[in-house]
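Here's the structure we're looking at; comments come further down.
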Amino acid sequence: MTAATSNIPTFDHDELIQSHPVATMLIDRAGVLLFVNAAAEQLCNLGRGTMIGRVVHDVITMDRGCRQRMQDPATSALFAHRAEISVGRRGALFVDLQMVPFGTGGHRILTLQPVQSDADLMGGTIGRSGRAAGAAASMLAHEIKNPLAGIKGAAQLLARRADPDGERFTQLICAEVDRITKLIDQMEHFSRGQPIACGPINLYQAIHQAMETIHARQFSSVRFVEDFDPSLPLVHGNHDALVQILLNLLTNGCEALGGRPDAMLRVATAYRHGLSIDNGDGRGRVALPIEVSISDNGPGVPADIRGDLFDPFVTTKREGRGLGLALVAKLVHDMGGTVRHTRDEEWTRFRVHLPAASQERRG
């Protein structure tokens, strides 16, 4: 071993392929999925537990020509530029499809590289969903602000006679009223297409505010588990918008658990390498290393609406209006991030990925 090669670090190859930004799958000679990386999960909006063991054509619909060539034993390699595929109810997606042999057992590696814009790939309905959600919020703004003012006034009166514990909750009520009022003001700007103000924020301040509000709602049957990475840098975002995102996801998770005896909701943060997006704003690809995930062990989202989950007016709740997740998608998108839903074994997961605050932005 030379001095030059002795300094080359070793890498975990499984981690490398998992972090690879191109959707990559391993299939056997019969087309059964044996492995999928994180990009493939995101592209298909399905967890690997749902995908592995299924025939690839049952997960991804391809045109007849591609399908026949993939099923032909004589075809060892395949490349198709701008092949049209569809996944679930997401609709048509154009990809560069490449298949190459792997090993001697008839296994093949299949990669799918979208050739449409990243904004369409990683939540293409976000722009449409966000505009519709913003318009709906704008119409309701006046009606909502009036009772909010009354609630805040009543809380301030109660605070004068409250003990220290009661005062803590009245302060929380006032803080939440102020935050919601500010959010409504922002949503009125959203409906006019104006961006929200973003800057360096502390992720955990937003998480703790959202968690305190959820605890005050007394979801007593839910066990909350926190798994935080304490070394995360500041996030480039908007504090109030992030609180609203987390509140919507936490509330959905708690309500989905429905009082089951083993109800568990997990809030986790992590630093993820390899995920980036081009929003088409001229800045090129922007890394999205900050991940916040909200997971619950409830029954999950019905399969027939998973592809439309972030569209407005799509809901499983009897009294729901279907704007919560559309608003989440809008706010995340306006902060330059992405949000996706997966179902992994017994867990429903919503993962929000956001950019870190750069040194230039902090300055």
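The values are calculated or read from the model by the stated rules, or taken from the named source; none is laboratory data. Keep in mind the model is a prediction, meaning the values are calculated, not measured. Note: ideal-geometry Cβ built from the backbone for every residue, glycine included; neighbour counts use all protein chains shown.
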Open item on the list: Cβ-Cβ distance below 7 Å, separation of 6 or more or different chains: which pairs start in region 316-343 with a residue that is assigned to a loop (DSSP other than H, G, I, E, B) and end on one that is among the polar types (S, T, N, Q) and at pLDDT below 85?
Closed with: R321/T315; G322/T315; G336/N279
- [ ] Would you list the strands (runs of 3 or more DSSP E) that sit entirely within region 197-249 and hold 1 or more residues that are over 22 Å from L325 (Cβ atoms) and in contact (Cβ under 8 Å) with a residue 60 or more places away in the chain?
- [x] 199-201, 235-237
Task: For H20: the one exception among (1) over 23 Å from P289 (Cα atoms); (2) surrounded by fewer than 19 Cβ atoms within 10 Å (Cβ to Cβ) - done: (1)
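What residue, of V100, V177, is farther than 18 Å from M335 by Cβ, at pLDDT 65 or above and touching a helix residue (DSSP H, G or I) at 6+ places or on another chain (Cβ under 6 Å)? Steps first, please.
Numbers: V100 fails: touching a helix residue (DSSP H, G or I) at 6+ places or on another chain (Cβ under 6 Å).
Answer to the selection: V177.
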Task: Scan of region 344-360 for residues that are touching a Leu at 6+ places or on another chain (Cβ under 7 Å) and within 16 Å of G253 (Cβ to Cβ), ordered by number - done: F350
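Please go through region 197-214 and pick out each residue that is β-branched (V, I, T) and either outside the structural domain of V225 (by TED's automatic domain parsing) or in contact with a His (Cβ under 7 Å, 6 or more places away or on another chain) (or both). Walk me through how you get there before you give the answer.
First pass over region 197-214, keeping only residues β-branched (V, I, T): 201, 207, 213-214.
Passing the criteria: only I201.
Tell me, which residue of region 59-89 that is under 24 Å from the mean Cα position of the chain (by Cα) and within 18 Å of A30 (Cα to Cα) is surrounded by the fewest Cβ atoms within 10 Å (Cβ to Cβ)? First the steps, then the outcome.
Restricting attention to region 59-89, the residues satisfying the condition of being under 24 Å from the mean Cα position of the chain (by Cα) are 59-61, 85-89.
Next, from what is left, pick out any that are within 18 Å of A30 (Cα to Cα): 59-61.
Values: V59: 18, I60: 26, T61: 14.
The extreme case among them is T61.
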TODO: Six or more apart or on different chains, Cβ under 8 Å: which pairs go from a residue in region 142-157 that's over 14 Å from R179 (Cα atoms) and assigned by TED's automatic domain parsing to the domain that holds K182 to one that's modelled with pLDDT of 80 or more and part of a helix (DSSP H, G or I)? Could you list them?
DONE: A155/T170; A155/I173; A155/C174; A155/V177; Q156/T170; Q156/C174
Open item on the list: Tell me the residue from G280, G253, G258, G298 that is outside the structural domain of Q18 (by TED's automatic domain parsing), at pLDDT below 80 and more than 24 Å from A40 (Cβ to Cβ), please.
Closed with: G258
TODO: Name every residue in region 250-276 that is in a strand (DSSP E or B), touching an Asp or Glu at 6+ places or on another chain (Cβ under 6 Å) and touching a residue at least 60 places away in the same chain (Cβ under 8 Å), in order of residue number.
DONE: V267, T269
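May I ask you to list the residues in region 26-41 that are assigned to a strand (DSSP E or B), touching a Lys or Arg at 6+ places or on another chain (Cβ under 9 Å) and either modelled with pLDDT under 80 or more than 19 Å from E291 (Cβ to Cβ) (or both)? Break it down into steps so the answer makes sense when it comes.
First pass over region 26-41, keeping only residues assigned to a strand (DSSP E or B): 26-27, 32-36.
Filter again for touching a Lys or Arg at 6+ places or on another chain (Cβ under 9 Å), leaving 26-27, 32-33, 35-36.
Passing the criteria: L26, I27, V32, L33, F35.
Please find, within region 42-69, the residue that is farthest from V339 (Cα to Cα) out of those that are among the charged types (D, E, K, R) and assigned to a helix (DSSP H, G or I). Steps first, answer last, please.
At the first step, the residues of region 42-69 found to be among the charged types (D, E, K, R) are 48, 54, 58, 63-64, 67, 69.
Going one step further and asking which of them are assigned to a helix (DSSP H, G or I), we end up with 48, 58, 64, 67, 69.
Numbers: R48: 17, D58: 25, R64: 32, R67: 31, R69: 35 Å.
Taking the candidates together, the pick is R69.
Could you say whether any residue in region 70-90 is assigned to a helix (DSSP H, G or I), more than 22 Å from T342 (Cα to Cα) and either in contact with a strand residue (DSSP E or B) (Cβ under 6 Å, 6 or more places away or on another chain) or not assigned by TED's automatic domain parsing to the domain that holds E291 (or both)? Can you show your working first?
Taking region 70-90 as the starting set, the residues that turn out to be assigned to a helix (DSSP H, G or I) are 70-71.
Right, trim to more than 22 Å from T342 (Cα to Cα) and you get 70-71.
Checking which are either in contact with a strand residue (DSSP E or B) (Cβ under 6 Å, 6 or more places away or on another chain) or not assigned by TED's automatic domain parsing to the domain that holds E291 (or both) leaves us with 70-71.
Yes, because at least one residue in region 70-90 is assigned to a helix (DSSP H, G or I), more than 22 Å from T342 (Cα to Cα) and either in contact with a strand residue (DSSP E or B) (Cβ under 6 Å, 6 or more places away or on another chain) or not assigned by TED's automatic domain parsing to the domain that holds E291 (or both).
Sort out which residues of region 105-118 are modelled with pLDDT under 75 and assigned to a loop (DSSP other than H, G, I, E, B), and write them in order of number. Full working, then the answer.
Filtering region 105-118 for residues modelled with pLDDT under 75 gives 115-118.
Correct list: V115, Q116, S117.
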Open item on the list: Could you tell me how many of the residues in region 289-299 are more than 13 Å from the chain's Cα centre (by Cα) and under 11 Å from N252 (Cα atoms)?
Closed with: 2
